[in-house]
Amino acid sequence: MQDQAAPVDTNKLIARVKGILLSPRTEWPLIAAEPASIGSLFTGYILIMAAIPAVIRFVSSSLIGVAVPFLGYYRVDIGTGLTLAVVSYVLSLLGVFIVALIVEALAPTFSGEKNRVQALKVVAYSYTASWVAAIIGIIPGLGLLAALLGLIYGLYLLNLGLPFTMKCPPEKSIGYTAVTIIAAIIVGVVLNLVIGSVGGLGYGMRHTFSGLPPHAGIVNGSAGAALQNWAKQVDQASKQVDAAQRSGDGNAQAQAVGTLLGTALGSGGKVESLSADRIKPFLPATLDGLQRTQAAAERNGALGMQLSKATATYTDGSNHTLNLEITDTGSLKGLVGFAAGWGGVQQDSETDTGYEKIYKNGDELIHEKWDRQSQSGEYGVVIADRFTVKVSGSAPNIDVLKQAAASVDTSGLAALKNEGVQPN
(Lines give C-alpha, C1' and ligand atoms only; values in the text may rest on other atoms or scores of the structure.)
Protein backbone atom coordinates (compact mmCIF):
# COMPACT_ATOMS: atom_id res chain seq x y z
CA MET A 1 0.00 0.00 0.00
CA GLN A 2 1.33 3.42 -0.95
CA ASP A 3 1.80 6.12 1.66
CA GLN A 4 -0.84 8.80 1.50
CA ALA A 5 -0.05 12.46 1.98
CA ALA A 6 -1.06 13.79 5.38
CA PRO A 7 -4.06 16.11 5.26
CA VAL A 8 -3.27 19.81 5.51
CA ASP A 9 -3.77 21.24 8.99
CA THR A 10 -5.63 24.44 8.15
CA ASN A 11 -5.32 25.86 11.66
CA LYS A 12 -1.57 25.26 11.66
CA LEU A 13 -1.28 26.86 8.22
CA ILE A 14 -3.16 29.99 9.31
CA ALA A 15 -1.14 30.20 12.52
CA ARG A 16 2.10 30.01 10.53
CA VAL A 17 0.98 32.77 8.15
CA LYS A 18 0.00 35.02 11.06
CA GLY A 19 3.21 34.23 12.89
CA ILE A 20 5.59 34.96 10.02
CA LEU A 21 3.77 38.17 9.08
CA LEU A 22 3.00 39.59 12.53
CA SER A 23 5.84 38.31 14.72
CA PRO A 24 8.67 37.13 12.45
CA ARG A 25 11.39 37.58 15.08
CA THR A 26 9.87 34.87 17.26
CA GLU A 27 8.58 32.76 14.35
CA TRP A 28 11.88 32.32 12.48
CA PRO A 29 13.62 30.39 15.31
CA LEU A 30 10.62 28.04 15.46
CA ILE A 31 10.69 27.55 11.68
CA ALA A 32 14.43 26.84 11.64
CA ALA A 33 14.17 24.26 14.44
CA GLU A 34 11.12 22.29 13.31
CA PRO A 35 11.65 19.08 11.29
CA ALA A 36 10.61 19.25 7.64
CA SER A 37 11.36 17.91 4.18
CA ILE A 38 11.15 19.28 0.65
CA GLY A 39 7.94 17.32 0.15
CA SER A 40 6.27 18.42 3.37
CA LEU A 41 7.06 22.08 2.72
CA PHE A 42 5.49 21.88 -0.71
CA THR A 43 2.41 19.87 0.21
CA GLY A 44 1.78 21.53 3.56
CA TYR A 45 2.46 25.16 2.63
CA ILE A 46 3.87 26.16 -0.75
CA LEU A 47 1.29 24.42 -2.96
CA ILE A 48 -1.52 26.14 -1.05
CA MET A 49 -0.06 29.62 -0.59
CA ALA A 50 1.32 29.88 -4.16
CA ALA A 51 -2.18 29.21 -5.47
CA ILE A 52 -3.45 32.54 -4.07
CA PRO A 53 -1.89 34.79 -6.78
CA ALA A 54 -2.95 32.33 -9.50
CA VAL A 55 -6.57 32.34 -8.31
CA ILE A 56 -6.58 36.13 -7.97
CA ARG A 57 -5.14 36.40 -11.47
CA PHE A 58 -7.94 34.25 -12.87
CA VAL A 59 -10.72 36.06 -10.99
CA SER A 60 -9.37 39.50 -11.91
CA SER A 61 -8.82 38.81 -15.61
CA SER A 62 -11.72 36.49 -16.46
CA LEU A 63 -14.49 37.18 -13.92
CA ILE A 64 -14.08 40.80 -12.81
CA GLY A 65 -12.24 42.09 -15.86
CA VAL A 66 -9.55 44.69 -16.44
CA ALA A 67 -10.65 48.33 -16.43
CA VAL A 68 -10.05 50.13 -19.74
CA PRO A 69 -10.47 53.94 -19.58
CA PHE A 70 -13.61 55.17 -21.37
CA LEU A 71 -14.44 51.65 -22.54
CA GLY A 72 -15.40 49.85 -19.34
CA TYR A 73 -14.06 46.40 -18.45
CA TYR A 74 -12.29 43.89 -20.67
CA ARG A 75 -12.48 40.23 -19.66
CA VAL A 76 -10.17 37.49 -20.84
CA ASP A 77 -12.16 34.42 -21.88
CA ILE A 78 -12.42 31.70 -19.24
CA GLY A 79 -10.26 29.20 -21.11
CA THR A 80 -7.36 31.61 -21.65
CA GLY A 81 -7.65 32.95 -18.10
CA LEU A 82 -7.54 29.45 -16.67
CA THR A 83 -4.57 28.53 -18.87
CA LEU A 84 -2.61 31.58 -17.69
CA ALA A 85 -3.52 30.90 -14.06
CA VAL A 86 -2.37 27.27 -14.23
CA VAL A 87 0.86 28.12 -16.05
CA SER A 88 1.69 30.97 -13.65
CA TYR A 89 1.00 28.65 -10.70
CA VAL A 90 3.24 25.87 -11.97
CA LEU A 91 6.04 28.27 -12.87
CA SER A 92 5.80 29.98 -9.47
CA LEU A 93 6.41 26.61 -7.82
CA LEU A 94 9.41 26.07 -10.08
CA GLY A 95 10.64 29.59 -9.30
CA VAL A 96 10.49 29.01 -5.52
CA PHE A 97 12.55 25.84 -5.86
CA ILE A 98 15.15 27.45 -8.16
CA VAL A 99 15.63 30.40 -5.80
CA ALA A 100 15.98 27.94 -2.91
CA LEU A 101 18.75 26.13 -4.82
CA ILE A 102 20.53 29.45 -5.30
CA VAL A 103 20.15 30.36 -1.60
CA GLU A 104 21.64 26.99 -0.68
CA ALA A 105 24.53 27.37 -3.11
CA LEU A 106 25.34 30.87 -1.83
CA ALA A 107 25.41 29.87 1.85
CA PRO A 108 29.19 29.22 2.17
CA THR A 109 29.90 32.53 0.44
CA PHE A 110 28.23 34.32 3.35
CA SER A 111 29.63 32.00 6.04
CA GLY A 112 26.40 30.03 6.26
CA GLU A 113 25.61 26.33 6.19
CA LYS A 114 24.35 24.54 3.09
CA ASN A 115 20.99 22.92 3.73
CA ARG A 116 18.40 22.55 1.00
CA VAL A 117 15.44 22.13 3.34
CA GLN A 118 16.37 25.24 5.32
CA ALA A 119 16.90 27.15 2.06
CA LEU A 120 13.43 26.19 0.89
CA LYS A 121 12.03 27.25 4.27
CA VAL A 122 13.50 30.74 4.14
CA VAL A 123 12.44 31.28 0.52
CA ALA A 124 8.91 29.93 0.95
CA TYR A 125 8.11 31.75 4.17
CA SER A 126 9.61 35.00 2.84
CA TYR A 127 7.35 34.69 -0.21
CA THR A 128 4.37 34.57 2.17
CA ALA A 129 4.16 38.38 2.16
CA SER A 130 3.75 38.50 -1.61
CA TRP A 131 1.31 35.60 -1.69
CA VAL A 132 -0.95 37.18 0.93
CA ALA A 133 -0.61 40.69 -0.52
CA ALA A 134 -1.88 39.33 -3.85
CA ILE A 135 -5.36 39.26 -2.29
CA ILE A 136 -5.36 43.07 -2.38
CA GLY A 137 -4.83 42.84 -6.13
CA ILE A 138 -8.40 41.67 -6.64
CA ILE A 139 -9.45 45.30 -6.11
CA PRO A 140 -9.11 47.08 -9.49
CA GLY A 141 -6.16 49.46 -9.58
CA LEU A 142 -4.41 48.06 -6.49
CA GLY A 143 -2.44 45.25 -8.11
CA LEU A 144 0.80 47.24 -8.34
CA LEU A 145 0.48 48.46 -4.76
CA ALA A 146 -0.08 44.90 -3.56
CA ALA A 147 3.02 43.67 -5.41
CA LEU A 148 5.11 46.50 -3.96
CA LEU A 149 3.95 45.88 -0.39
CA GLY A 150 4.62 42.16 -0.73
CA LEU A 151 8.09 42.77 -2.15
CA ILE A 152 9.16 45.21 0.57
CA TYR A 153 7.95 43.06 3.45
CA GLY A 154 9.31 39.93 1.80
CA LEU A 155 12.78 41.53 1.73
CA TYR A 156 12.48 42.24 5.44
CA LEU A 157 11.44 38.65 6.18
CA LEU A 158 14.28 37.21 4.11
CA ASN A 159 16.90 39.40 5.77
CA LEU A 160 15.55 38.44 9.18
CA GLY A 161 15.29 34.73 8.42
CA LEU A 162 18.64 33.95 6.78
CA PRO A 163 20.68 33.95 10.04
CA PHE A 164 18.24 31.46 11.63
CA THR A 165 17.81 29.09 8.69
CA MET A 166 21.13 29.27 6.83
CA LYS A 167 23.23 30.03 9.94
CA CYS A 168 24.96 33.03 8.37
CA PRO A 169 26.31 35.80 10.66
CA PRO A 170 23.68 38.56 11.08
CA GLU A 171 26.10 41.16 9.73
CA LYS A 172 26.30 39.24 6.43
CA SER A 173 22.56 38.82 6.05
CA ILE A 174 22.06 42.07 4.11
CA GLY A 175 24.57 41.06 1.43
CA TYR A 176 23.13 37.55 1.31
CA THR A 177 19.65 39.05 0.88
CA ALA A 178 20.77 41.42 -1.86
CA VAL A 179 22.36 38.68 -3.98
CA THR A 180 19.36 36.40 -3.44
CA ILE A 181 16.97 39.13 -4.56
CA ILE A 182 18.98 39.76 -7.73
CA ALA A 183 18.79 36.05 -8.52
CA ALA A 184 15.06 35.97 -7.71
CA ILE A 185 14.38 38.95 -9.98
CA ILE A 186 16.22 37.31 -12.87
CA VAL A 187 14.37 34.04 -12.36
CA GLY A 188 11.09 35.99 -12.14
CA VAL A 189 11.81 37.83 -15.40
CA VAL A 190 12.48 34.57 -17.21
CA LEU A 191 9.33 32.93 -15.85
CA ASN A 192 7.21 35.98 -16.69
CA LEU A 193 8.50 35.84 -20.26
CA VAL A 194 7.28 32.25 -20.35
CA ILE A 195 3.86 33.28 -19.02
CA GLY A 196 3.70 36.10 -21.57
CA SER A 197 4.48 33.74 -24.42
CA VAL A 198 1.75 31.37 -23.26
CA GLY A 199 -0.76 34.23 -23.10
CA GLY A 200 -0.58 34.71 -26.84
CA LEU A 201 -0.95 31.01 -27.44
CA GLY A 202 -3.74 30.26 -24.98
CA TYR A 203 -6.28 29.26 -27.59
CA GLY A 204 -3.83 27.10 -29.47
CA MET A 205 -2.61 25.43 -26.28
CA ARG A 206 -6.11 24.46 -25.20
CA HIS A 207 -6.86 22.84 -28.52
CA THR A 208 -3.48 21.22 -28.82
CA PHE A 209 -3.58 19.64 -25.38
CA SER A 210 -7.24 18.63 -25.70
CA GLY A 211 -6.32 16.62 -28.78
CA LEU A 212 -3.60 14.58 -27.11
CA PRO A 213 -4.26 10.95 -26.27
CA PRO A 214 -4.33 10.04 -22.56
CA HIS A 215 -0.87 8.49 -22.67
CA ALA A 216 0.78 11.44 -24.41
CA GLY A 217 3.52 13.45 -22.72
CA ILE A 218 4.95 16.89 -23.34
CA VAL A 219 5.55 17.45 -27.03
CA ASN A 220 9.20 17.60 -28.04
CA GLY A 221 10.21 21.11 -29.04
CA SER A 222 7.37 22.75 -27.11
CA ALA A 223 7.74 25.35 -24.35
CA GLY A 224 6.74 22.69 -21.83
CA ALA A 225 9.51 20.38 -23.01
CA ALA A 226 12.00 23.24 -22.77
CA LEU A 227 10.91 23.96 -19.20
CA GLN A 228 11.10 20.29 -18.28
CA ASN A 229 14.62 20.06 -19.65
CA TRP A 230 15.53 23.35 -17.90
CA ALA A 231 14.41 21.98 -14.52
CA LYS A 232 16.52 18.85 -15.02
CA GLN A 233 19.56 20.94 -15.90
CA VAL A 234 19.12 23.13 -12.82
CA ASP A 235 18.88 20.04 -10.62
CA GLN A 236 22.04 18.60 -12.22
CA ALA A 237 23.88 21.91 -11.73
CA SER A 238 22.89 21.97 -8.05
CA LYS A 239 24.44 18.51 -7.62
CA GLN A 240 27.67 19.89 -9.07
CA VAL A 241 27.58 22.60 -6.41
CA ASP A 242 27.19 19.91 -3.74
CA ALA A 243 30.21 18.04 -5.08
CA ALA A 244 32.29 21.24 -5.22
CA GLN A 245 31.41 22.09 -1.63
CA ARG A 246 32.50 18.63 -0.47
CA SER A 247 35.81 19.01 -2.27
CA GLY A 248 36.71 22.13 -0.31
CA ASP A 249 38.16 23.69 -3.47
CA GLY A 250 37.27 27.40 -3.53
CA ASN A 251 37.78 27.74 -7.27
CA ALA A 252 35.61 24.70 -7.96
CA GLN A 253 32.90 26.14 -5.70
CA ALA A 254 32.88 29.48 -7.54
CA GLN A 255 32.81 27.66 -10.87
CA ALA A 256 29.88 25.46 -9.77
CA VAL A 257 27.87 28.42 -8.46
CA GLY A 258 28.43 30.25 -11.75
CA THR A 259 27.25 27.18 -13.63
CA LEU A 260 24.15 26.96 -11.45
CA LEU A 261 23.23 30.59 -12.01
CA GLY A 262 23.96 30.31 -15.74
CA THR A 263 21.77 27.21 -15.97
CA ALA A 264 18.93 28.91 -14.06
CA LEU A 265 19.13 31.75 -16.57
CA GLY A 266 18.69 29.31 -19.44
CA SER A 267 22.19 29.64 -20.86
CA GLY A 268 22.92 25.94 -20.36
CA GLY A 269 25.75 26.49 -17.89
CA LYS A 270 28.56 28.91 -17.19
CA VAL A 271 29.53 31.25 -20.04
CA GLU A 272 32.86 33.04 -20.08
CA SER A 273 32.27 36.33 -21.88
CA LEU A 274 34.78 37.68 -24.38
CA SER A 275 37.90 39.23 -22.90
CA ALA A 276 38.41 42.98 -23.33
CA ASP A 277 40.99 42.50 -26.07
CA ARG A 278 38.63 40.15 -27.93
CA ILE A 279 35.58 42.42 -27.97
CA LYS A 280 37.35 45.77 -28.47
CA PRO A 281 38.42 45.07 -32.11
CA PHE A 282 34.73 45.01 -33.06
CA LEU A 283 34.67 48.80 -32.57
CA PRO A 284 35.30 50.09 -36.14
CA ALA A 285 37.75 52.94 -36.77
CA THR A 286 34.99 54.94 -38.45
CA LEU A 287 31.22 54.91 -38.08
CA ASP A 288 29.09 56.36 -40.87
CA GLY A 289 32.01 58.58 -41.90
CA LEU A 290 32.76 59.76 -38.33
CA GLN A 291 36.18 59.23 -36.77
CA ARG A 292 36.57 57.29 -33.54
CA THR A 293 37.85 59.60 -30.78
CA GLN A 294 37.50 57.32 -27.76
CA ALA A 295 37.36 53.56 -27.18
CA ALA A 296 37.28 51.34 -24.12
CA ALA A 297 36.52 47.74 -23.23
CA GLU A 298 36.07 45.83 -19.99
CA ARG A 299 34.97 42.49 -18.60
CA ASN A 300 33.29 42.28 -15.20
CA GLY A 301 32.22 39.25 -13.21
CA ALA A 302 30.64 38.08 -9.98
CA LEU A 303 29.78 34.65 -8.59
CA GLY A 304 31.44 33.02 -11.60
CA MET A 305 29.29 35.00 -14.06
CA GLN A 306 30.76 37.45 -16.57
CA LEU A 307 29.68 40.29 -18.83
CA SER A 308 31.86 42.22 -21.31
CA LYS A 309 31.32 45.61 -22.90
CA ALA A 310 33.11 47.75 -25.49
CA THR A 311 32.22 51.42 -26.01
CA ALA A 312 33.36 54.10 -28.45
CA THR A 313 32.60 57.71 -29.37
CA TYR A 314 32.63 58.96 -32.96
CA THR A 315 32.54 62.59 -34.12
CA ASP A 316 33.07 64.83 -37.13
CA GLY A 317 34.86 67.42 -35.00
CA SER A 318 31.84 69.70 -34.74
CA ASN A 319 28.33 68.89 -33.50
CA HIS A 320 27.76 65.41 -34.92
CA THR A 321 28.55 62.67 -32.38
CA LEU A 322 27.50 59.04 -32.20
CA ASN A 323 28.07 56.51 -29.39
CA LEU A 324 28.53 52.79 -29.99
CA GLU A 325 28.13 50.10 -27.37
CA ILE A 326 28.77 46.38 -27.93
CA THR A 327 27.90 43.97 -25.12
CA ASP A 328 28.58 40.28 -24.62
CA THR A 329 25.87 39.19 -22.17
CA GLY A 330 27.81 36.10 -21.08
CA SER A 331 25.75 33.92 -18.73
CA LEU A 332 22.78 36.22 -19.28
CA LYS A 333 22.57 35.04 -22.87
CA GLY A 334 19.86 32.58 -21.85
CA LEU A 335 17.67 35.47 -20.73
CA VAL A 336 18.42 37.32 -23.96
CA GLY A 337 17.50 34.18 -25.87
CA PHE A 338 14.14 33.97 -24.10
CA ALA A 339 13.39 37.57 -25.07
CA ALA A 340 14.61 37.28 -28.65
CA GLY A 341 13.16 33.84 -29.19
CA TRP A 342 9.86 32.55 -27.81
CA GLY A 343 9.52 35.19 -25.04
CA GLY A 344 7.23 37.23 -27.30
CA VAL A 345 8.81 40.60 -26.46
CA GLN A 346 7.28 43.34 -28.65
CA GLN A 347 6.46 47.02 -28.19
CA ASP A 348 5.16 49.83 -30.37
CA SER A 349 4.39 53.19 -28.76
CA GLU A 350 4.20 56.77 -30.04
CA THR A 351 4.23 60.26 -28.50
CA ASP A 352 3.76 63.71 -29.99
CA THR A 353 7.49 63.97 -30.63
CA GLY A 354 8.62 60.45 -31.41
CA TYR A 355 8.25 56.72 -31.01
CA GLU A 356 9.75 53.60 -29.48
CA LYS A 357 9.36 50.04 -30.72
CA ILE A 358 10.76 46.56 -30.25
CA TYR A 359 10.26 44.00 -32.98
CA LYS A 360 11.70 40.92 -34.65
CA ASN A 361 13.50 41.11 -37.98
CA GLY A 362 14.25 37.54 -38.96
CA ASP A 363 16.25 36.06 -36.08
CA GLU A 364 17.20 39.48 -34.71
CA LEU A 365 15.46 41.46 -31.98
CA ILE A 366 15.46 45.19 -32.81
CA HIS A 367 14.97 48.19 -30.55
CA GLU A 368 14.32 51.65 -32.03
CA LYS A 369 13.79 54.90 -30.15
CA TRP A 370 13.53 58.29 -31.86
CA ASP A 371 12.71 61.86 -30.78
CA ARG A 372 11.87 64.15 -33.68
CA GLN A 373 12.06 67.26 -31.55
CA SER A 374 15.68 66.76 -30.49
CA GLN A 375 16.55 64.72 -33.59
CA SER A 376 18.19 62.06 -31.47
CA GLY A 377 17.60 58.45 -30.58
CA GLU A 378 19.06 54.97 -30.40
CA TYR A 379 19.03 51.81 -32.46
CA GLY A 380 19.93 48.43 -31.01
CA VAL A 381 20.02 44.86 -32.25
CA VAL A 382 20.49 41.48 -30.52
CA ILE A 383 22.97 39.25 -32.32
CA ALA A 384 22.89 35.43 -32.00
CA ASP A 385 20.90 35.61 -28.74
CA ARG A 386 24.07 36.73 -26.95
CA PHE A 387 25.55 40.02 -28.20
CA THR A 388 23.93 43.45 -28.35
CA VAL A 389 24.95 46.35 -30.58
CA LYS A 390 23.57 49.81 -29.82
CA VAL A 391 24.15 53.14 -31.58
CA SER A 392 22.86 56.36 -30.03
CA GLY A 393 23.17 60.08 -30.62
CA SER A 394 21.92 62.95 -32.77
CA ALA A 395 21.21 62.48 -36.47
CA PRO A 396 18.88 63.74 -39.22
CA ASN A 397 16.81 60.55 -38.88
CA ILE A 398 16.79 57.02 -37.48
CA ASP A 399 18.13 55.62 -40.77
CA VAL A 400 21.51 57.19 -40.00
CA LEU A 401 21.71 55.19 -36.76
CA LYS A 402 20.66 52.02 -38.58
CA GLN A 403 23.35 52.55 -41.20
CA ALA A 404 25.93 53.19 -38.47
CA ALA A 405 24.99 49.93 -36.72
CA ALA A 406 25.45 48.13 -40.02
CA SER A 407 29.11 49.19 -39.96
CA VAL A 408 29.73 46.76 -37.10
CA ASP A 409 30.90 43.27 -38.03
CA THR A 410 27.80 41.53 -36.67
CA SER A 411 28.52 38.35 -38.62
CA GLY A 412 31.88 38.15 -36.85
CA LEU A 413 30.12 38.48 -33.50
CA ALA A 414 27.61 35.82 -34.43
CA ALA A 415 30.46 33.45 -35.27
CA LEU A 416 31.58 33.72 -31.62
CA LYS A 417 28.21 32.83 -30.10
CA ASN A 418 29.53 29.56 -28.65
CA GLU A 419 32.92 30.85 -27.53
CA GLY A 420 33.41 30.48 -23.79
CA VAL A 421 30.29 28.35 -23.32
CA GLN A 422 30.95 25.65 -20.76
CA PRO A 423 28.02 23.18 -20.82
CA ASN A 424 27.09 21.15 -17.76
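The values are calculated or read from the model by the stated rules, or taken from the named source; none is laboratory data. All values reported here derive from a predicted model rather than from experimental measurement. Glycine also receives a Cβ, built like all others from the backbone with ideal geometry; neighbour counts cover every protein chain displayed. Remember, those area values only see protein heavy atoms, side chains included, never the ligands or the DNA or RNA. Shrake-Rupley method; radii C 1.70, N 1.55, O 1.52, S 1.80 Å.
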### Query
In straight Cα distance, which aspartates and glutamates are under 20 Å from Lys357, not counting same-chain residues fewer than 8 positions off?
Glu325, Asp348, Glu368, Asp371, Glu378, Asp385, Asp399
### Message
Show me the ranking of peptides 174-184, 20-30, 375-385 by mean Cβ neighbours inside 10 Å, starting with the highest.
### Response
375-385, 174-184, 20-30
### Task
Rank-order 363-372, 9-18, 124-133 by packing density, defined as the average count of other C-beta atoms within 10 Å over each peptide's residues, highest first.
124-133, 363-372, 9-18
### Query
Are any of the pairs Lys18/Lys114; Lys309/Lys369; Lys114/Lys417 more than 24 Å apart by Cα-Cα distance, and if so, which?
Lys18/Lys114; Lys114/Lys417
### Task
Amide H neighbours of His320 under 5 Å, at least 5 residues apart or on other chains, H built in the peptide plane: list them.
none
### Query
Ignoring ligands, DNA and RNA, what percent of the 1.4 Å accessible area of the stretch 373-424 is carbon and sulfur?
45
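Can you give the accessible area per residue of the stretch 376-424, in Å², using a 1.4 Å probe?
Solvent-accessible surface per residue comes out at 42 Å².
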